[in-house]
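Everything below concerns the one structure shown next.
Every number here is computed from the coordinates shown, using simple stated rules; none is lab data. These numbers were taken from a predicted model, which means no experiment stands behind them. Heads up, the Cβs are rebuilt from the backbone with ideal geometry, glycines too, and the neighbour counts pull from every protein chain shown.
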Amino acid sequence: MTTDNEKAVLSVALDEEGSAGHRIEVMLTEAQIQTRVKMLGEAITRDYPNFAEPLLLVGVLKGAALFLADLVRCIDRPVEYDFVAISSYGAATHTSGEVRILKDLDASVADKHVLIVEDILDTGLTLRFSYLLESLRARQAKSVGVCVLLDKPARRRVEVKVDYRGFEIEDKFVVGYGMDYHEQYRQLRFIGEVVPIKPDEPSAEWAAMD
């Protein structure tokens, strides 16, 4: 069931479908997202009970920014957070497999528990080959975990151990709650599927982002 906010934003997308060539269909409502984020925060609080051991959350820009902001406020213990920026798409809607590091961490990870916070995990290439797992361990992090809002196992090319998972979804291209299509729709409070309006649109072009 969509809220008034979701209906309003969805109507805007539908009104523009003639020029945009797509529509947005609600997949996860704001209420569903917030309920699940709260549960993830509670689980993280339980799993890191020793306040003397620093916990650093590393958000992967730009898509995970809103997720990280909400998650931090649901963790009932001291936390630090930082961001990395990684590119593996360009203007495409599918993962190229080529990764560029655009912003590295400002904070030291030595002797800290580190939790990587991602919006979507599909191929695994972003997490694995961008250095996030191997390099953080090489920097002498006390431990390295992974927290993803959306998991798309159907597209996995590299196995990644996920410690905290928000939702497992099908192989769909989604936007909202920080995630975008050509920098649009990040502001949506819900998560919606981008659906091409042309019947012959190749489904591969709308594959999920990592």
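Scaling against 2.2 N^0.38 Å puts the C-alpha radius of gyration of the stretch 30-188 at 0.98.
Computed from the C-beta positions of ALA52 and ARG189 and an R0 of 30 Å, the FRET efficiency is 0.25 to the nearest 0.05. Normalised by the number of residues in the stretch 30-188, the average gap of Cα pairs under 8 Å and 6 or more apart makes the relative contact order 21 percent. With 21 Å as the limit on Cα-Cα distance, the pairs of LYS62/LYS152; LYS112/LYS161; LYS38/LYS112; LYS62/LYS103 that go past it are LYS38/LYS112.
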